[in-house]
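Participant: Pasting a structure here, questions to come.
The values are calculated or read from the model by the stated rules, or taken from the named source; none is laboratory data. From a predicted model like this one, the values you see are computed outputs, not experimental measurements. A quick note on method: Cβ atoms are made from the backbone with ideal geometry, for glycine too, and the neighbour counts reach across all protein chains shown. Heads up: the accessible areas ignore ligands, DNA and RNA and are worked out on the full protein's heavy atoms, side chains in. Shrake-Rupley method; radii C 1.70, N 1.55, O 1.52, S 1.80 Å.
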Amino acid sequence: MRRIILSLASVAALAALAGCSGSDNNGQSAAASASTSGGDTAPATPANAVTGTVTLRDAGAQLSPDAKLELKLVDVSAEGSQPLASKTFAPVTMPQQFQLDFNATDLNPNDMYIIEASLQDGERHYASPLKTPVLTKGAKNVANIQLVGEATPGEKELAGFNSVKKNIGGMKVTQGTALKEGESRGWQIFKKGNDVVFVIELVDYGDKGFTSTNYAYKDGKAWVIVQEKKSSKDAKPNSIARAGWNDAGELVLKQNEAGGKVDTLSEDDANNLRKQADAMYAKAGGKK
């Protein structure tokens, strides 16, 4: 009987020791877990700062080394007020992380604040279509901003050109031809009323190649010109030159596409296309 009692006591002692040992291990595991978890968590944002990340909707878009990103913390409730904070990034690396520090005493809890983001890369401008409130009225001090690329001035003129070209079927059309040694020309003139709007000119140089040129006019002036050069009429273009001017007469579309690569069309080449357009306009019955 005595042996049984001793055995039970021993078991109880061992259980107690095991419980203490388990408590220490669990405590160490919890501490290690907390330490690991804390290491993976991003540092907390200071109360007097707004942090976040700027990305592009078009994840495949490539920015040049000249790209510049401007961020401003703005009070949209107080028109004309100075930004609480601002920062410029140049060059820009997407996704671009940021932190805007501000003076907490300048914050009005009754006003609404947003982050204004503007990215300029050459002629391409990027902006956020959505405004993200921060700091007040239940908003957080973290903002993730997605920017969308806008059409360049040249792309806007080219889009207008393509829109006109799609509708030339409803315009009054006349045709003409001209022959001389080494070349054969043909053209179609499209008018709205008495105004020359669009001209398609085809020139066959025989063994020297073939040229197809579309001229669009606005208010009697050359607007957008697209010229394709081919080895023959039915061949694919060897090159495509695009030139276009805005309402102020500024050359904003200047592209030369060849070999699958698009480069900048020189001003001299653009001016030569414009001279061709002026000559065609006069031939089409315009004032020039």
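Participant: Show the residue pairs meeting these rules: Cβ distance below 8 Å; 6+ apart or different chains; first residue within segment 214-240 and farther than 21 Å from ALA258 by Cβ; second residue in a loop (DSSP other than H, G, I, E, B).
Facilitator: TYR217/GLY286; LYS218/ASP247; GLY220/GLY286; GLY220/LYS287; GLY220/LYS288; LYS221/GLY249
Participant: Looking at GLU79 and the list (1) surrounded by 14 or more Cβ atoms within 10 Å (Cβ to Cβ); (2) acidic (Asp, Glu); (3) out of contact with any strand residue (DSSP E or B) (no Cβ under 7 Å at 6 or more places or on another chain), which single condition is not satisfied?
Facilitator: (1)
Participant: Right, here's the next one. Which number in (1) under 15 Å from the mean Cα position of the chain (by Cα); (2) among the β-branched types (Val, Ile, Thr); (3) open to solvent by 20 Å² or more (accessible area, probe 1.4 Å) marks the one condition that ILE145 misses?
Facilitator: ILE145 satisfies every listed condition except (3).
Participant: Additional query: So, in segment 140-168, of the ones that are at pLDDT 95 or above and among the basic types (Lys, Arg), which residue ends up nearest to LEU56 (Cα to Cα)?
Facilitator: The residue in question is LYS156.
Participant: For segment 173-194: of the residues being of a type in the set (D, E, K, R) and surrounded by 13 or more Cβ atoms within 10 Å (Cβ to Cβ), which is nearest to VAL226 (Cα to Cα)? Give the derivation first.
Facilitator: Going residue by residue through segment 173-194, those that are of a type in the set (D, E, K, R) are 180-181, 183, 185, 191-192.
If we keep only those that are surrounded by 13 or more Cβ atoms within 10 Å (Cβ to Cβ) as well, we get 183, 185, 191-192.
Values: GLU183: 20, ARG185: 17, LYS191: 18, LYS192: 21 Å.
Among those residues, the one meeting the criterion is ARG185.
Participant: What are the pairs, 6+ residues apart or on separate chains, where a residue within segment 81-98 that is within 23 Å of ASP111 (Cα to Cα) and touching a residue at least 40 places away in the same chain (Cβ under 8 Å) has its Cβ under 8 Å from a residue that is among the polar types (S, T, N, Q) and buried (at least 16 other Cβ atoms within 10 Å of the Cβ)?
Facilitator: Listed pairs, sorted by first residue: PHE98/THR51.
Participant: Additional query: Considering only segment 148-172, state which residues are open to solvent by less than 40 Å² (accessible area, probe 1.4 Å) and assigned to a helix (DSSP H, G or I).
Facilitator: Once the filter is applied, which keeps residues that are open to solvent by less than 40 Å² (accessible area, probe 1.4 Å) and assigned to a helix (DSSP H, G or I), segment 148-172 yields GLY154, GLU157, LEU158, GLY160, PHE161, VAL164, ILE168.
Participant: Got at least one residue in segment 177-189 being within 30 Å of GLU123 (Cα to Cα) and without any contact (Cβ under 8 Å) to a residue 60 or more places away in the chain? Show your work before the answer.
Facilitator: Keep residues of segment 177-189 that are within 30 Å of GLU123 (Cα to Cα), which gives none.
Taking every residue of segment 177-189 in turn, none turns out to be within 30 Å of GLU123 (Cα to Cα) and without any contact (Cβ under 8 Å) to a residue 60 or more places away in the chain.
Participant: How many residues are farther than 18 Å from ALA284 by Cα and either without any contact (Cβ under 8 Å) to a residue 24 or more places away in the chain or among the small types (Gly, Ala, Ser) (or both) when one looks only at segment 190-211?
Facilitator: 5
Participant: ALA117: in a loop (DSSP other than H, G, I, E, B) and open to solvent by less than 50 Å² (accessible area, probe 1.4 Å), yes or no? Step through it out loud before you land on a result.
Facilitator: Details: in a loop (DSSP other than H, G, I, E, B): no; open to solvent by less than 50 Å² (accessible area, probe 1.4 Å): yes.
So ALA117 fails the test.
Participant: Taking the options VAL252, VAL262, name whichever one is closer than 22 Å to ALA159 by Cβ and open to solvent by 70 Å² or more (accessible area, probe 1.4 Å).
Facilitator: On the way: VAL252 fails: open to solvent by 70 Å² or more (accessible area, probe 1.4 Å).
Criteria check complete, one pass: VAL262.
Participant: Taking segment 95-106, which residues are open to solvent by less than 70 Å² (accessible area, probe 1.4 Å) and either modelled with pLDDT under 95 or among the hydroxyl-bearing types (Ser, Thr, Tyr) (or both)?
Facilitator: ALA104, the sole residue that qualifies.
Participant: With respect to the numbered conditions (1) outside any loop (DSSP other than H, G, I, E, B); (2) among the charged types (D, E, K, R); (3) open to solvent by less than 40 Å² (accessible area, probe 1.4 Å), which one is the sole condition not fulfilled by ASP111?
Facilitator: Here ASP111 meets the rest and fails (1).
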